[in-house]
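A short write-up of the structure that comes next.
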Amino acid sequence: MQRRDFIKKVGVGSLAVGSGLAVSNAAHAKAEYKWKMVTTWPKNFPGLGTAANKLAALIGEMSGGRMRVKVYGAKELVPAFETFDAVSRGTAEMAHGAAYYWKGKSEAAQFFSTVPFGLTAQEMNGWLYHGGGLEMWRELYAPFNLIPAPAGNTGVQMGGWFNKEINSLDDMKGLKMRIPGLGGEVLKRLGGTPVNLPGGELFTSLQSGAIDATEWVGPYNDMAFGLYKAAKYYYYPGFHEPGTTLEALINKEAMASLPKDLQSIVLNACKVVNLDLLSEYTARNPAALKTLVEKHKVDIRRYPDDVVRKMRQVSREVVAEVASRDPFSKKIYDSYEAFYQASRAWSDISELAYLQARDHT
Ligand code: CA
């Protein structure tokens, strides 16, 4: 009984974020801080866009209505790929997106979203929160007047949607594919043409033949865009995005203008959403995969082993090259690489060994 009372008092049940906990209109009227959050996602897009909504709702709830954050979908206030600049100059106080979209600002930003053949979601969280990653991320964004925070993770993504079979490395040549970040650079070195497009443009680009293939996220998100209607084959694994961290960006002056408790609320709300979104993908992807296979008759294919091996080799080269371009990138790479090597030794006899034991012995 005592434990139940305790749970009631601290409201553990309310950790189901965004579930009917809207701040009252009276509290809204009294909000002392009204922020805008621009995003790289279509408004209310399942998982990605709704995570941004949850983050805004949580900040409102946790602050008792002292803060109110209004969320804007891509293009509502600024285009998807201008959100970084918008928060940097203070047009909006916050953004929700992914760090690999900002490689034009700094190539090293890509380490904080995902690295081909790099860390998984759980390992990324280990590196960011307890392995020095987040401190370096903050240092990297400080000159842009921005504070970053992990705010979601997709887990392992799918390789993508293709209209031709990938049977050998030759099939990657000439392939025009939407694939952002370092994965795009890997495709380029295999003779393909990577392009980056916001999610909202994928379906029409694939259907019209403007691109030959696209990756997006995984079954849950890809089904929402109807990508199965525009491509024949759905390849795995998503070597290029093994556990993509999504990010919240916060304008430095806007953050400094908040009292300490609200600063903590903003950062901790990001942390809640970081966990919540990974949990959502873990729950929704299996059901969506079943629907894609059974209802929509999607042809699921595994990349051939020699293609995977080559992509792994090229990925290692690409990542090392990014690291060699400037001293700060090298510092981030060294930290990431050290964590990766140590993590592999442990993952091999924990997660990997367990999953193999569970399914194959
Ligand atoms: Ca992706």
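Here is how the numbers come out for the structure above:
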read-out: Any chance ASN125 is within 19 Å of the chain's Cα centre (by Cα), more than 16 Å from the ligand (Cβ to nearest atom) and touching a residue at least 40 places away in the same chain (Cβ under 8 Å); value: yes
read-out: Odd one out for ALA323, checked against (1) at pLDDT 95 or above; (2) in the same structural domain as LYS232 (by TED's automatic domain parsing); value: (1)
read-out: From the options ASN221, ASN251, residue that is more than 30 Å from MET311 (Cα to Cα) and either of a type outside the set (Val, Ile, Thr) or at pLDDT below 95 (or both); value: ASN251
read-out: Test: LEU77 is touching a Cys at 6+ places or on another chain (Cβ under 7 Å) and either at pLDDT 95 or above or of a type in the set (Gly, Ala, Ser) (or both); value: no
read-out: Qualifying residue in the range 193-205 (condition: open to solvent by less than 10 Å² (accessible area, probe 1.4 Å), touching a residue at least 12 places away in the same chain (Cβ under 8 Å) and not assigned by TED's automatic domain parsing to the domain that holds ALA52); value: yes
read-out: Members of the range 208-222 found to be more than 12 Å from the ligand (Cβ to nearest atom) and either outside the structural domain of ILE166 (by TED's automatic domain parsing) or in contact (Cβ under 8 Å) with a residue 60 or more places away in the chain (or both), listed by number; value: PRO219, TYR220
read-out: In the range 130-179, the residues that are over 19 Å from the mean Cα position of the chain (by Cα), open to solvent by 20 Å² or more (accessible area, probe 1.4 Å) and either more than 22 Å from ILE332 (Cβ to Cβ) or of a type in the set (S, T, N, Q) (or both); value: ASN145, ASN163, LYS164, GLU165, ASN167, SER168, LEU169, ASP170, ASP171, LYS173, GLY174, LYS176
read-out: Scope the range 228-258; condition of a type in the set (Ser, Thr, Tyr) and within 11 Å of the ligand (Cβ to nearest atom); matching residues; value: THR244
read-out: In the range 64-77, the residues that are open to solvent by 10 Å² or more (accessible area, probe 1.4 Å) and touching a strand residue (DSSP E or B) at 6+ places or on another chain (Cβ under 9 Å); value: ARG66, ARG68, VAL69, LYS70, VAL71, TYR72, ALA74, GLU76, LEU77
read-out: Filtered residue count, the range 153-194, keeping only those that are within 13 Å of the ligand (Cβ to nearest atom) and either assigned to a strand (DSSP E or B) or not aliphatic (A, V, I, L, M) (or both); value: 14
read-out: Matching residues, the range 224-261, being assigned to a helix (DSSP H, G or I), in the same structural domain as ASP171 (by TED's automatic domain parsing) and surrounded by fewer than 22 Cβ atoms within 10 Å (Cβ to Cβ); value: ALA224, TYR228, LYS229
read-out: Residue match in the range 268-279 (condition: surrounded by 15 or more Cβ atoms within 10 Å (Cβ to Cβ) and within 16 Å of the ligand (Cβ to nearest atom)); value: yes
read-out: Every residue from the range 291-307 that is of a type in the set (Lys, Arg) and either closer than 14 Å to MET172 by Cβ or surrounded by 15 or more Cβ atoms within 10 Å (Cβ to Cβ) (or both); value: ARG301
read-out: Scope the range 340-354; condition surrounded by fewer than 11 Cβ atoms within 10 Å (Cβ to Cβ) and under 16 Å from HIS130 (Cα atoms); matching residues; value: GLN341
read-out: Any hit, the range 280-288, residues being among the polar types (S, T, N, Q) and within 16 Å of the ligand (Cβ to nearest atom); value: yes
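The values are calculated or read from the model by the stated rules, or taken from the named source; none is laboratory data. Just so we're clear, the structure is a prediction, and the values are computed from it rather than from any experiment. Neighbour counts run over all protein chains shown; Cβ positions are idealised from the backbone, glycine included. The area values use the complete protein model at the heavy-atom level, side chains included, leaving out ligands, DNA and RNA. Shrake-Rupley method; radii C 1.70, N 1.55, O 1.52, S 1.80 Å.
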